[in-house]
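Q: First, the structure itself, so that you have it in front of you.
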Number of protein chains: 2
Amino acid sequence: MDLFEAIKKRHSYRGNFKNIPIPREDLEKIVEAGIRAPSGCNEQAVEFVIVDDREKLKAIHKIIDYGFLETAQAMIICVLDHRPVFRDISFCIEDCAASTENILLAVTALGYASVWIDGHIRVDGRAKEIARLLSVPDDKEVRVILPLGIPEEPGTQNAKKPFSERAFFNVYKSTNA
Amino acid sequence: MDLFEAIKKRHSYRGNFKNIPIPREDLEKIVEAGIRAPSGCNEQAVEFVIVDDREKLKAIHKIIDYGFLETAQAMIICVLDHRPVFRDISFCIEDCAASTENILLAVTALGYASVWIDGHIRVDGRAKEIARLLSVPDDKEVRVILPLGIPEEPGTQNAKKPFSERAFFNVYKSTNA
């Protein structure tokens, strides 16, 4: 799929997924896109656990408790290493978001759908529970979860503010955009 | 350009750029890709200042003091709004990174090159100096700068660790990847 088409078609999907497993070849291609994202000082501070085991999927669904997750055929879990890589700065959050965006675009191009689950797992100890379930050590953080599958319904990208409200030439909030 | 080709070809370019201005049409297409990135609660907490004015480019080059910036034909500056959008959480850093990755892919697809400048402007007050230059108000943060142009030399993506070192099926650091 053309890059700009994938960028336009990517959307946050919270519907049900078809009961069709995702071939590991596709899961690998999707995560490989995440691996190729830029990372601060090329330290590659993000790792990925790809869950396609039915029992583990059920257990994660139980922890997150979003109805639509019940039909997810796989999930990609991003695992972060917060150690600094430049002065006292870690870029792992940026790395994770860039990888996540590559993954979401790859998901779109291959005919699947997903949604970026993030804030919800930071509360009530959900991320830690998921970390324990997947044997992620205490010094790493489970940060983002991406459920995957073939969508049962079509979806569209959330409306975005127009260019003129978010982008400006040469001076912030200038009107010559 | 095909999505997966753009993901593979994207690289951090720190060489000189050709002395050929970038049409505003291309700059708009590139930033529109950034606008279409996902954002936490769709709050779209990132704005963009696109600098193509020669005097302003020179002034930013002087602040950042990276040699290769002297030949940049334009720069995209990401401006963040740190106000919380979900409980006490702001997702603006994630939003910015996802937008930045879309921008870098669009840059690649259109035959330009760039590099994600981030940590370097967080020190010695550089980001604040750039904010003042562009009239960005004090309650917003200049976070990422992306210089742009047609590259004088070819470039390749930094080597990435293999899939088996960064991705695992169902159990962290399992060897069945």
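The values are calculated or read from the model by the stated rules, or taken from the named source; none is laboratory data. Everything numeric here is computed off the predicted structure, so don't read it as measured data. Every residue, glycine as well, gets a Cβ built from its backbone with ideal geometry; the counts of neighbours run over all protein chains shown.
Q: Which residues, taken from the range B:14-45, are closer than 12 Å to residue A:163 by Cα, among the aliphatic types (A, V, I, L, M) and in contact with a strand residue (DSSP E or B) (Cβ under 8 Å, 6 or more places away or on another chain)?
A: Across the range B:14-45, the qualifying residues are B:27, B:30, B:31, B:35.
Q: Take the range B:32-47 and flag every residue that is small (Gly, Ala, Ser) and either more than 7 Å from chain A (Cβ to nearest Cβ) or within 17 Å of the chain's Cα centre (by Cα) (or both).
A: Once the filter is applied, which keeps residues that are small (Gly, Ala, Ser) and either more than 7 Å from chain A (Cβ to nearest Cβ) or within 17 Å of the chain's Cα centre (by Cα) (or both), the range B:32-47 yields B:33, B:34, B:37, B:39, B:45.
Residue-by-condition table, conditions (1) in contact with a helix residue (DSSP H, G or I) (Cβ under 8 Å, 6 or more places away or on another chain); (2) not aromatic (Phe, Trp, Tyr):
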| position | (1), (2) |
| --- | --- |
| A:9 | yes, yes |
| A:15 | yes, yes |
| A:31 | yes, yes |
| A:34 | yes, yes |
| A:37 | yes, yes |
| A:48 | yes, no |
| A:62 | no, yes |
| A:74 | yes, yes |
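Q: Could you list, in sequence order, the residues of the range A:67-87 that are under 17 Å from residue A:139 (Cβ atoms), out of contact with any strand residue (DSSP E or B) (no Cβ under 9 Å at 6 or more places or on another chain) and within 13 Å of another protein chain (Cβ to nearest Cβ)?
A: Across the range A:67-87, the qualifying residues are A:84, A:85.
Q: When you go through B:87, B:132, B:83 one by one, which is the residue that is within 30 Å of residue A:57 (Cβ to Cβ) and more than 18 Å from the chain's Cα centre (by Cα)? Reasoning before the result, please.
A: Values: B:132 fails: within 30 Å of residue A:57 (Cβ to Cβ); B:83 fails: within 30 Å of residue A:57 (Cβ to Cβ).
None of the others qualify; the one that does is B:87.
Q: All but one of (1) farther than 18 Å from residue A:81 by Cα; (2) at the interface with chain B (Cβ under 9 Å from one of its Cβ atoms); (3) among the β-branched types (Val, Ile, Thr) hold for residue A:175, so report the exception by its number.
A: (2)
Q: If I go through the range A:32-46 residue by residue, how many of them are at negative phi and part of a helix (DSSP H, G or I)?
A: 5
Q: Look through A:58, A:9, A:29 and report the one residue that is modelled with pLDDT of 95 or more and either on the phi > 0 side of the Ramachandran plot or over 16 Å from the mean Cα position of the chain (by Cα) (or both).
A: Within the list A:58, A:9, A:29, the selection yields A:58.
Q: Still on this model: If we only count strands (runs of 3 or more DSSP E) wholly inside the range A:60-177, which ones have 1 or more residues that are crowded, with 18+ Cβ neighbours inside 10 Å and in contact (Cβ under 8 Å) with a residue 12 or more places away in the chain?
A: A:74-80, A:141-148
Q: Going by the conditions given, is residue A:57 facing chain B (nearest Cβ under 9 Å), of a type outside the set (Ser, Thr, Tyr), buried (at least 19 other Cβ atoms within 10 Å of the Cβ) and outside any loop (DSSP other than H, G, I, E, B)? So that I can check it myself, show each step before the final result.
A: Numbers: facing chain B (nearest Cβ under 9 Å): no; of a type outside the set (Ser, Thr, Tyr): yes; buried (at least 19 other Cβ atoms within 10 Å of the Cβ): yes; outside any loop (DSSP other than H, G, I, E, B): yes.
Taking the combined requirement at face value, the residue does not satisfy it.
Q: Checking residue A:160 against (1) in contact with a strand residue (DSSP E or B) (Cβ under 8 Å, 6 or more places away or on another chain); (2) within 7 Å of chain B (Cβ to nearest Cβ), which single condition isn't satisfied?
A: (1)
Q: Answer yes or no as to whether residue A:143 is of a type in the set (Lys, Arg), touching a helix residue (DSSP H, G or I) at 6+ places or on another chain (Cβ under 7 Å) and more than 10 Å from chain B (Cβ to nearest Cβ).
A: no
Q: Looking only at the range A:6-26, which residues are part of a helix (DSSP H, G or I) and either more than 8 Å from chain B (Cβ to nearest Cβ) or closer than 30 Å to residue A:84 by Cβ (or both)?
A: A:9, A:25, A:26
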